[in-house]
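Reviewing the structure listed below.
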Amino acid sequence: MEHTEIKNKLQKNSLDSLNVLKQNFAGLRTRASSELIAPITVVAYGQKMPINQLASITTPDAKTINIQVYDRNHTKEITKQISIVLDLNPKQTEQYIIVNLPQLTEERRTQYVKRAKQYSEEMKIAIRAHRRTAMNDINKFKDKISQDDLKKHQKIIEEQTTLRIVEIDNLLKSKSKEIMLV
């Protein structure tokens, strides 16, 4: 593996970790969103499938999610999974599964902020692990490149890591503000 490939791999892994964090943050429900339903899977046609492949999901307002199931045979299972995963009680009508999001209490908001901090910390750990791997990989070139080049590549790896951690902190600050907004 070449030293430029190491930096590219670090960047890709770091961006993947940021995307996972964004998905985790989307699951912290403060307002109705199709992203809230996206990670939920249901066994259909002999395999696990995400709900958005089995239904049309709309959000008519900030507190309601409407799910129109394509094949009504899956309605019961989708409703059950939403109840389990989101800890909500969806209502079934003839055409829709309606999920009403309750007003968040101060205590619940605080719990969500704690969970967001936990997600952020996990991603920082992942970013640092990617840095450690990149540093180990770049150190394998000690004998093949000059000390100055080695230091330069190590500095670039550190800068990328610092940049991603700052991004994580900014995402956390933004999400915390959103959660606490009444």
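The values are calculated or read from the model by the stated rules, or taken from the named source; none is laboratory data. This is a predicted model, so every value here is computed, not measured. For neighbour counting, all protein chains shown are included, and Cβ atoms are generated from backbone atoms with ideal geometry for every residue, glycine included.
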Next item on the list: Give just the number: which of (1) within 20 Å of the chain's Cα centre (by Cα); (2) touching a residue at least 40 places away in the same chain (Cβ under 8 Å) does Lys7 not satisfy?
Entry: (1)
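Condition check ((1) of a type in the set (Lys, Arg); (2) closer than 24 Å to Arg29 by Cα; (3) not assigned by TED's automatic domain parsing to the domain that holds Thr110) across all residues:
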residue: Asp137; (1), (2), (3): no, no, no
residue: Asp149; (1), (2), (3): no, no, no
residue: Lys152; (1), (2), (3): yes, no, no
residue: Lys155; (1), (2), (3): yes, no, no
residue: Leu163; (1), (2), (3): no, no, no
residue: Val166; (1), (2), (3): no, yes, no
residue: Leu171; (1), (2), (3): no, yes, no
residue: Ser176; (1), (2), (3): no, yes, no
Note to self: Just to be sure I understand the filter: pairs with C-beta atoms under 6 Å, separated by 6 or more residues or on different chains, first member in region 161-178 and at pLDDT 95 or above, second member surrounded by fewer than 19 Cβ atoms within 10 Å (Cβ to Cβ) and of a type in the set (D, E, K, R). Which pairs pass?
What the structure shows: Ile165/Lys124; Ile168/Lys124
Checklist line | Residue match in region 63-81 (condition: hydroxyl-bearing (Ser, Thr, Tyr) and either at pLDDT below 85 or touching a helix residue (DSSP H, G or I) at 6+ places or on another chain (Cβ under 8 Å) (or both)) | finding: no
Notebook entry, point to check: Has region 94-106 got at least one residue that is under 30 Å from Ile6 (Cα atoms), out of contact with any strand residue (DSSP E or B) (no Cβ under 7 Å at 6 or more places or on another chain) and in contact (Cβ under 8 Å) with a residue 12 or more places away in the chain?
Noted result: no
Item checked: Residues of region 134-148 that turn out to be in a helix (DSSP H, G or I) and in contact (Cβ under 8 Å) with a residue 12 or more places away in the chain, as a count -> 4
